[in-house]
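Undergrad: What follows is a single structure, and I will ask about it in a moment.
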Amino acid sequence: MQILDQLGVALGLATLAGLNLYLTVLVAGLALRFHWIVLSGPYENLAVLGNPWVMGVAAALFMIEFFADKVPWVDSTWDAVHTVVRPAGGIFLALTALGHMDPAMTVIAALLAGGAALATHSTKASTRLVLNASPEPVSNSVASLAEDGLVLGGMGLIAAAPLVALVVFIILVIASVVITSWLWKKVTSLGRRRRAAAAALP
């Protein structure tokens, strides 16, 4: 049961990192710093997230992302830059949660964590591309706040019920892959229509 709880924490952190890495680190750090959660043996490595320097950097980067994420096309540029950053952060968080493992298992865990973070990141980025094709700017702010809400809710679930979190995040990752596939088809369709419209202009 303990290993399943650890997997729930690891997968949860990786998945949420794909949506907002800095908020995930900041909330985890605050939870540790103010003793909202107390780490037992298997999770002692996560104590680093409560380091004031780690929290300070995470808070500063989160504030930048908070505003950048609500401006049309700036959000997509930010997402493009973070295509590597978020999965890498997800891998770090997951491996830290899992602690010392056999080298082969470490590689497997890194691949799975990176894939989970990339899946949710891709869904986020694809959604923003579709929203940016819309003439109104409000949807970007709504989507950004919804994503932040998902991170906060997900962190609460991880703390309260890691085993339930494992099931929920597996479903979320699978759903992200399906949704991203559908969104990319929509994005490419919009791109073709725009090129056709541009070509038709005199």
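Undergrad: Compute the angle between helix 52-68 and the longest alpha-carbon principal axis of the chain, please, reported from 0 to 90 degrees and rounded to the nearest 10.
TA: On a 0 to 90 degree scale, this one is about 20.
Undergrad: A follow-up question, please. Quick one: if the Förster radius is 25 Å, what FRET efficiency do ALA159 and LEU111 give, using the C-beta to C-beta distance and rounding to 0.05? If you can, show how the numbers build up before the last one.
TA: Numbers: r = 26 Å, r/R0 = 1.03.
Step by step, r from the Cβ atoms, then E = 0.45.
Undergrad: Between helix 74-98 and the chain, what is the angle of the helix's C-alpha long axis to the longest principal axis, kept within 0 to 90° and rounded to the nearest 10?
TA: In the chain, helix 74-98 runs at an angle near 20 degrees to the longest axis.
Undergrad: For the chain, what's the relative contact order in percent, using C-alpha pairs closer than 8 Å and at least 6 residues apart?
TA: Details: 256 pairs, mean separation 69.9, N = 202.
Relative contact order, the chain: 35 percent.
Undergrad: On a 0 to 90 degree scale, rounded to 10, what angle separates helix 103-132 from the longest Cα axis of the chain?
TA: 30
Undergrad: Order by neighbour count: PHE66, PHE169, PHE92, fewest other Cβ atoms within 10 Å first, most last. Let's see the in-between values first.
TA: On the way: PHE66 15, PHE169 26, PHE92 20.
Fewest to most other Cβ atoms nearby, the residues stand as PHE66, PHE92, PHE169.
Undergrad: Using a Förster distance of 41 Å, how high is the FRET efficiency between TRP182 and ALA59, based on the Cβ-Cβ distance and rounded to 0.05?
TA: Working: r = 35 Å, r/R0 = 0.85.
Computed FRET efficiency for TRP182 and ALA59: 0.75.
Undergrad: Short version: ³J(HN,Hα) in whole Hz for each residue of segment 165-173, in order, from phi by Karplus 6.51 cos²θ - 1.76 cosθ + 1.60 (θ = phi - 60°), x for Gly and Pro, what are they?
TA: In residue order, the calculated couplings are 4, 4, 5, 4, 6, 4, 4, 5, 5 Hz.
Undergrad: Next question. At most 13 other Cβ atoms within 10 Å and a DSSP loop assignment: could you name the chymotrypsin sites (Phe, Trp or Tyr not before Pro) in segment 19-61 that fit?
TA: Values: sites: TYR22, PHE34, TRP36, TYR43, TRP53; in loops: PHE34, TRP36.
Listed in order of number, the matching sites are PHE34, TRP36.
Undergrad: A further question on this structure: Using θ = phi - 60° and the Karplus curve 6.51 cos²θ - 1.76 cosθ + 1.60, what whole-Hz ³J(HN,Hα) does each residue of segment 22-32 get, with Gly and Pro shown as x?
TA: Listing the rounded values in order: 5, 5, 4, 5, 5, 5, 4, x, 4, 4, 6 Hz.
Undergrad: Report the extension gain between ILE171 and ILE37 in nm, rounded to one decimal, defined as 0.36 nm multiplied by the number of residues separating them, less their alpha carbon distance.
TA: Values: separation 134, 0.36 × 134 = 48.24 nm, distance 2.53 nm.
Value of the extension gain: 45.7 nm.
Undergrad: Here's something else I'd like to know. Across every pair of different alpha-carbon atoms, what Kirkwood hydrodynamic radius in Å does segment 2-194 reach? Before the final figure, lay out each step's value.
TA: Numbers: mean 1/r = 0.0591 Å⁻¹.
One decimal place: 16.9 Å for the Kirkwood radius.
We did not get these values from a lab; they are worked out from the coordinates using the rules stated. Model, not experiment: these values are computed from the prediction. Positions of Cβ are backbone-derived with ideal geometry, glycine not excepted, and every protein chain shown enters the neighbour counts.
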